[in-house]
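In what follows, a single structure is set out as structure tokens and then discussed.
Every number here is computed from the coordinates shown, using simple stated rules; none is lab data. Just so it is clear, the structure is predicted and the values come from calculations on it, not from any experiment. Note that each Cβ is placed from the backbone with ideal geometry, even for glycine, and that neighbours are counted across all protein chains shown.
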Amino acid sequence: MLALGSIATLLTLYPYYTPLALTIGVSLTIAGTFAAICSHRSYDYWARAAYGNSWLLLFLGTAIRAWTDVIPVLWFWFVLLMTLYLVAWAFPVLHPKLSALLFREQFAPETRLGRGCMAWALALLPVIGGLGATFGMYGSRNGLDNIVSLVMAILGSIISIGLSQVFSHQLWPQRPWTKDDGEPQEKV
């Protein structure tokens, strides 16, 4: 609950406080905590889906608010990012082979491009993290609010949309309406 609450606090307070963001953040935190408890006890498919989505929707909400700070057209960002989120979530159904390839390449790259991206990420992430933290702390003090918002918007979008495909790909084979061999269950 503490981790979900910290992301909900970011959603609520960045770039400025709004009661609607507070309501959404608290609701997603409570729903995610309840789903985590249910998932821990019964390993239920729907509880795991709700818990994962609560995390991803908090990141998506933060990204939408950051995009709106850069270009203040809320409906555009909401529709665009929610559409991409839903497509990424449905990707294992829409294109199972490509979904499997994307999943593999994100965690255990087999192609030359995937290995190169992984090597660059592992080499540069510590440096980028340090520079990002420094820029985030001091950028808003020096009048660079839009750049800080833009970085938060891009990273929040990548995290929420990219991880929704990964999470959905892992969860899809365990859906309750199929048998163990992947065939749909017959109704009795």
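What percentages make up the Cα-Cα pair-distance distribution of the chain when the bins are 5 Å wide from 0?
Bins of 5 Å from zero give 1, 8, 12, 16, 18, 17, 14, 9, 4, 2, 1, 0, 0, 0 percent of pairs.
Go ahead and estimate [θ] at 222 nm for the chain from helices alone: -39,500 (n - 2.57) per DSSP H run with n ≥ 4, summed, over the residue count, rounded to 500.
Helix-only estimate at 222 nm: -27500 deg cm²/dmol.
Given Gly25, Val127, Asn53, which one lies farthest toward the positive end of the charge dipole of the chain, if we put +1 on the Cβ of every Lys and Arg and -1 on the Cβ of every Asp and Glu?
Result: Val127, furthest along the dipole toward the positive end.
How would you order 49-57, 91-99 from highest to lowest mean count of nearby Cβ atoms within 10 Å?
Descending mean neighbour count gives 49-57, 91-99.
Assuming 0.692 mPa s and 37 °C, estimate D for region 72-160 with Stokes-Einstein, Rh taken as the Kirkwood radius over Cα pairs, in µm²/s.
209 µm²/s
Beta carbons within 10 angstrom, averaged per residue: use that to sort the peptides 74-80, 159-165, 35-41, 145-151, highest first.
159-165, 145-151, 35-41, 74-80
Using amide H atoms built in the peptide plane, which far-off residues or other-chain residues are under 5 Å from Thr178 H to H?
Those lying under 5 Å, H to H, from Thr178 are Gln185.
Taking only C-alpha pairs under 8 Å that are 6+ residues apart, what is the relative contact order of region 1-50 in percent?
33 percent
Volume per residue, Å³, of the convex hull around the alpha-carbon atoms of region 1-98?
Measuring per residue, one finds 104 Å³ for the Cα hull of region 1-98.
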